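The values are calculated or read from the model by the stated rules, or taken from the named source; none is laboratory data. In this text the structure is predicted, and so the values were computed from the model without any measurement. Please note: Cβ atoms are built from the backbone with ideal geometry, for glycine as well, and neighbour counts cover all protein chains shown. Accessible surface areas use protein heavy atoms only, side chains included; no ligands, DNA or RNA. Shrake-Rupley method; radii C 1.70, N 1.55, O 1.52, S 1.80 Å.
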Amino acid sequence: MSQMEKKSLNSPDETRSFPKGKLELVTLDGVTFGKMTLQPGWKWSESVKPIAKTKSCEAPHTQYHVSGRMMVKMDDGTEKEFGPGDVSIIPPGHDAWVVGNDPVVSIDITGMSKYAIPK
């Protein structure tokens with residue numbers, strides 16, 4: 001039988017920083033939760049692409065958007081904007097950027113374990 005577990009994103013297991021952003025991670029029972037904080041001017045293709053060394057973001061995302069606004073453009077050209085209170089599933093193959101002057105904060109439960117790790 002599994003036991004109840006508790007961790008806090010306020011005391012993450014790991015923090016990864018990249019230009020204009022950071023990722024705080026905790027893992028419980030094999031599930032990695034990531035809190036992403038992205039500053040105005042952040043864009044995946046400028047801030048993370050040089051780390052990932054892929055054409056576009058290959059991480060799948062299942063996210064809850066806490067604050068700020070983020071635009072996502074899929075490789076096929078489809079675009080959607082996400083904001084506070086939105087939940088999203090974003091498959092691999094996209095670029096993303098902060099819209100406006102407010103930082104984006106989102107919680108992700110699928111795509112963060114290998115996000116922004118140098119290849």
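Numerical summary
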{"quantity": "Answer residue from segment 78-119, given it is over 20 Å from T32 (Cβ atoms) and of a type in the set (D, E) and is nearest to the chain's Cα centre (by Cα) among those", "calculated": "D95"}
{"quantity": "I107 vs. criteria closer than 22 Å to P19 by Cα, touching a Phe, Trp or Tyr at 6+ places or on another chain (Cβ under 9 Å) and open to solvent by 10 Å² or more (accessible area, probe 1.4 Å)", "calculated": "yes"}
{"quantity": "Segment 56-83, residues that are outside any strand (DSSP E or B), open to solvent by 30 Å² or more (accessible area, probe 1.4 Å) and touching a Lys or Arg at 6+ places or on another chain (Cβ under 8 Å)", "calculated": "D75"}
{"quantity": "Filtered residue count, segment 22-45, keeping only those that are closer than 19 Å to H94 by Cβ and free of Cβ contacts under 8 Å to residues at least 60 places away in the same chain", "calculated": "4"}
{"quantity": "Residue within segment 23-41 that is at pLDDT 95 or above, of a type in the set (F, W, Y) and either over 24 Å from S8 (Cβ atoms) or open to solvent by less than 60 Å² (accessible area, probe 1.4 Å) (or both) present", "calculated": "no"}
